[in-house]
Amino acid sequence: MIPSGRTAVAVCTWRRPAGLARLLGALPAGLAGLDAPPLVLVVDNDGSDPRVARVVAASPVPVRLVVEPAPGISAARNRAVAEAEAAGVGLLAFVDDDEWPETGWLAALLACRAATGAAVVGGAVTPAFPAERADLARWRRFWSVLPQT
């Protein structure tokens, strides 16, 4: 059965306003190619940092901000699912606050899902390290979501 309703993108964040700002800045490109804009949810898994609300207010795309006071990524993700269900969302994509999507990211995920009929699809995650932490590159596979042996 194909879910009804609109699509949502959920971002769970915890005390990383700079990463959230980078993600939200990249999101318009990541949403390119869609027929309708998705609901964008930011779940702040803390609520104590006023910079998060300022980042959301400055977002180039409309964002609904909610605070999940229970600690942990599971609580934040469960809150995102509950908020999406309450909004009538049929499909939900997650992206982390330390990631940024490529152009057409969500359209590609949705096309893959439509072509395969899969209930869940995912995309590649390629780690990018700042120059001052180039030493981490040798551990890249531990942060990556790519096929490995």
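The values are calculated or read from the model by the stated rules, or taken from the named source; none is laboratory data. Predicted model, so just to flag it, every value in this text is computed and none were measured. When we count neighbours, we look across all protein chains shown, and the Cβ atoms used for this are built from the backbone with ideal geometry, even at glycine. These accessible areas exclude ligands, DNA and RNA; they are computed on the full protein's heavy atoms, side chains included. Shrake-Rupley method; radii C 1.70, N 1.55, O 1.52, S 1.80 Å.
Tabulated values for the structure
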| item | result |
| --- | --- |
| Restricting the stretch 18-51 to residues that are touching a Phe, Trp or Tyr at 6+ places or on another chain (Cβ under 7 Å) and open to solvent by 40 Å² or more (accessible area, probe 1.4 Å), the residue that is nearest to Ala8 (Cα to Cα) | Arg22 |
| Complete set of residues in the stretch 84-102 that are over 14 Å from the mean Cα position of the chain (by Cα), surrounded by fewer than 15 Cβ atoms within 10 Å (Cβ to Cβ) and touching a residue at least 24 places away in the same chain (Cβ under 8 Å) | Ala87, Gly88, Gly90 |
| Yes/no for Val63 being at negative phi, in contact (Cβ under 8 Å) with a residue 24 or more places away in the chain and surrounded by 21 or more Cβ atoms within 10 Å (Cβ to Cβ) | no |
| Within the stretch 6-45, tally of residues that are outside any strand (DSSP E or B) and among the charged types (D, E, K, R) | 4 |
| So Arg77, is it under 13 Å from Val95 (Cβ atoms) and among the basic types (Lys, Arg) | yes |
| Boolean, Val81 is of a type in the set (Val, Ile, Thr) and open to solvent by less than 50 Å² (accessible area, probe 1.4 Å) | no |
| The stretch 115-149: number of residues that are over 20 Å from the mean Cα position of the chain (by Cα) and in a helix (DSSP H, G or I) | 13 |
| Residue within the stretch 46-65 that is more than 21 Å from Ala26 (Cβ to Cβ), among the polar types (S, T, N, Q) and assigned to a loop (DSSP other than H, G, I, E, B) present | yes |
| The stretch 66-86, residues that are closer than 20 Å to Pro38 by Cα, hydrophobic (A, V, I, L, M, F, W, C) and assigned to a helix (DSSP H, G or I) | Ala76, Ala80, Val81, Ala82, Ala84, Ala86 |
| Identity of the residue in the stretch 124-141, small (Gly, Ala, Ser) and more than 19 Å from Leu106 (Cα to Cα), that ends up most open to solvent (accessible area, probe 1.4 Å) | Ala131 |
| Filtered residues of the stretch 109-123 (kept if of a type in the set (A, V, I, L, M) and either farther than 16 Å from Ala29 by Cα or surrounded by fewer than 10 Cβ atoms within 10 Å (Cβ to Cβ) (or both)) | Ala111, Ala114, Ala115, Ala118, Ala119, Val120, Val121 |
